[in-house]
Amino acid sequence: MNDLERRIKAKIPGPDTGIEVRKSICTICDPMTQCGLDVFVKDGKILKVEGSEGHPYNRGALCPKGASTRQYVYSEDRLKTPLRRVGPRGSGAFEPISWEEALDTIAQKCLEAKADYGPESVVFFSGYTKFFRPFLKRMALSFGSPNYCTESSTCHQATALAQKLTFGQGGGPDIKNTECLIVWSANPFYTNPGNGKNIQAALDRGMKMIVVDPRLTPTAAKATLHLQLRPGTDGALALAIGHLLIKEGLYDADFCRDYTYGFEDYKKLVADCTPAWAEERTGVPASRIVEAARMIGRAKSACVLPSASPVVHHTNGVQNYRAIFSLIAITGNFDRPGGNCVKVESYLHVTGGIATNEHKFELSADPSKMAKRVGEEVYPVWMESLPGEAQAMCVPEQLRTADPYPIRVILGFGMNYRMWPDSDGFLKAIDEKLDFLAVTDLFMTDTCRHADIVLPACSSLERYELRCYGMNYIQLASPVIDKLYDSRWDLDIIFELARRICPEDTLLCSGYESCINYILEPSGLTFEELKKHPGGMFVPHPLPYIPKKYEKEPLKTPSGKVELRSKVLEKYGEKPGLESLPVYHPPKYSKEAAPEMAKEYPLILNSGSRLPMFVHTRTYRLSWTSSLRPNAPSADLSPTDAKSFGVAEGDRIRVSTPFGSIELTAHITGMVQPGVVHIYHGSSKADVNELFEYGYGDPISGFPGYKSALCKLEKIEG
């Protein structure tokens, strides 16, 4: 082997090897964490990927998911051509068709439903990935349907809702400058490597970190103080910390007097929420609650790092987070350095140092002048606080009942029916009640098998994607390889459908570059300028952070102040779970609230956390990532429970609730508490969401109670 052959084998870029490094981003994971990629390409094919050293977000690091990008792009499961169902739903019987025929069929079904039942009978759903959401939302509204909905109906939006009810908008943690970081049921060392680096740097400089989490995670292992509470009891813990802060004078009395609404009522609420009261409910020793309260109250600055869904995946989820965010308010740590800072949201929920027309672009029509959104009568607080987005959790029931109107067509991008509780029940409703389902995806998923038309999407390495980053950085990723097979990118599909079903929306029909230029107009940046910087660029003249804006202008709450007592919730008559103060109720299915059920189902079922190699169902299909957890799907048990039930590592077990059962492999670990069974979500071989009944959720947000229910387990002999 000569030197050139060795260099080619080693994948060393250069003119002689013909290997080129092209810049892109990884979109397999969370939309807040698009890591920079160096993609090694030769003859139009990807040889390998590495983390981009020059990217300010991940700084060269990649998690197992990102490292497996090549397998992801070249997966044998990739859809190759548009397909039309020719057999019964779920049979997997399809025939290839042309793009024109597929798009014409979808458009025809949408227009027929609009003519016969109204535009609201068509649901536009966004799953993964999320880059196309502003465009899909605009198409739905231009078509006349208020029923744009997303997988954020079980992820992020309830956290955003809790912040909006409290502060009027979100506020991110200033990790770089804080003295005390409260990580509330997040695990960034698994799920957000870039933020994990930021946290480690802050710990190295002496920052104190409190981690609240039912599990002993890698993040919790680094904590100054770990509060290991029982799942679903977050609100009780937060109220007890508030009790201590007020009792010991560790709160900001001036801020509470001048800039909060309902402080005196909140003070009365927490008066009886002593550490002993909380210990009984949460399992956290009272002494540790006292230690946490003093650590927060005595710090010069403190902030909360929330999570997208762990705290709100309970039947008391929004109230839990309202109680948590109230701690930032009463200590005066809202919108100031080292606290939770309010910055301009640039694009796709991320602050990037620029102003954009994103929300103006999305709202091509007024949804308030359309029919009621799906879920509007069931979750009115969601509808009032999150205009323009339906609650997807209500789609199955409306399919079944046609109340208040029928749903005839669903157009789903990256749709995964397994994200719904009673997921098999939703699938049955699709098969029996829905006229037409079209799904766009990279892979032949379980949802695709029940569709009438399946459209092959391309990966992020085969298309453009605009992203902003919190360090005032922006990147327009360009295609690094040609589109594989006969796939198209999601936005091409949206633009082609828009030209068929809402041609009067000339901006949307004009294509990606025109739309991006419109969105970026306030920033002064353009599509052409960003293309010159394929690895991204720092924003010129970024918008400065102005602390304590509440001193000069009212907040976006009804009172104009931080609302410890919500004026939005005051409208609902203090119904249990909808109280205007963050009152604590135990989870609906818990030993406290359902003692009779607990006699047969004595364990707490906690589900949904991520492993570093998996995200939903997407990377279970890859050999590299699946090899890191060969016993998946599995259930995590504490050594104490394993001994009690006579279960050893690797044994087959059955986990049951009153609503179903699944079989898994037992994994014995100290990460979980005695009395808790933890199941990671995402595996189609054992869908944990089948164990939850439809409607088991939060009365404010509609989020399913995936992280606190009751279950039992048994060893499967033989």
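The values are calculated or read from the model by the stated rules, or taken from the named source; none is laboratory data. What you are looking at is a predicted structure, and each value in this text was computed from that prediction instead of being measured. Glycine also receives a Cβ, built like all others from the backbone with ideal geometry; neighbour counts cover every protein chain displayed. Surface accessibility is based on the protein's heavy atoms, side chains included, excluding ligands, DNA and RNA. Shrake-Rupley method; radii C 1.70, N 1.55, O 1.52, S 1.80 Å.
Can you tell me the relative contact order of the chain? Whole percent, Cα pairs under 8 Å, sequence separation 6 or more.
Relative contact order for the chain comes out at 18 percent.
Carbon-plus-sulfur fraction of the accessible area of the chain, 1.4 Å probe, in percent?
The value for the chain is 50 percent carbon and sulfur by accessible area.
Taking Cα atoms, how many degrees apart are the long axis of helix 157-167 and the longest axis of the chain, rounded to 10 and kept between 0 and 90?
50
Given the Cα-Cα distance of Glu432 and Lys11 and 0.36 nm per residue of separation, how much length would full extension add, in nm?
146.3 nm
List the pairs from Lys164/Lys548; Lys42/Lys130; Lys164/Lys369 whose alpha-carbon separation is above 19 Å, in the order I gave them.
Among Lys164/Lys548; Lys42/Lys130; Lys164/Lys369, the Cα-Cα distance tops 19 Å for Lys42/Lys130; Lys164/Lys369.
Determine the principal axes of the Cα atoms in segment 165-209, then give the extent along each, sorted from largest to smallest and rounded to whole angstroms.
34, 23, 15
Under 5 Å between amide H atoms, partner at least 5 residues away or on a different chain: which partners does Tyr347 have, H built in plane at 1.01 Å?
Gly352
Which length gain, in nm to one decimal place, applies between Arg499 and Ile716 when the Cα-Cα distance is subtracted from 0.36 nm times their residue separation?
72.5 nm is the gain from fully extending Arg499 to Ile716.
With a point put 7 Å past each Cα toward its Cβ, work out how far Glu551 is from Ser626 in nm, to one decimal.
5.8
Computed over the Cα atoms of the chain, what is the ratio Rg over Rh, Rh following Kirkwood?
That ratio equals 0.95.
How much accessible surface does Trp277 have with a 1.4 Å probe, in Å² rounded to 10?
Accessible area of Trp277: about 50 Å².
Between exposed GluC sites (Glu not before Pro) in the chain, where DSSP calls loop and at most 10 other Cβ atoms lie within 10 Å, what's the longest gap?
Of all site-free stretches, the longest is 77-503.
Which residues' amide hydrogens lie under 5 Å from the amide hydrogen of Tyr261, considering only partners 5 or more residues apart or on another chain, with H built in the peptide plane?
It is Val562, Glu563, Leu564, Arg565, by chain and number.
Projected onto the charge dipole of the chain (+1 at Lys/Arg Cβ, -1 at Asp/Glu Cβ, origin at the Cα centre), which of Gly36, Ala302, Ser145 gives the Cα projection farthest towards the positive end?
Farthest along the dipole direction, towards plus: Ala302.
Multiply the residue separation of Thr640 and Ser684 by 0.36 nm, subtract the distance between their alpha-carbon atoms, and state the gained length in nm to one decimal.
On the way: separation 44, 0.36 × 44 = 15.84 nm, distance 2.86 nm.
Contour length minus Cα-Cα distance gives 13.0 nm.
Can you sort Asp3, Asp38, Asp482, Asp431 by solvent-accessible area, 1.4 Å probe, largest first?
Asp482, Asp3, Asp431, Asp38
For the residue pair Met537 and Asn177, what label-to-label distance in nm results when each label sits 7 Å from Cα along the Cα-to-beta-carbon direction?
So the label points at Met537 and Asn177 sit 2.8 nm apart.
Compute the signed sum of charges (Lys and Arg +1, Asp and Glu -1) over the other residues within less than 10 Å, Cβ to Cβ, of Ile662.
It works out to a net charge of -1.
Would you tell me the accessible area of Lys42, worked out with a 1.4 angstrom probe on the heavy atoms of the protein chains, in Å² to the nearest 10?
Near enough 50 Å² of accessible area.
Heavy atoms of the protein only, probe of 1.4 Å, neighbouring chains included. What is the accessible area of Lys80 in Å², nearest 10?
The accessible area of Lys80 comes to roughly 90 Å².
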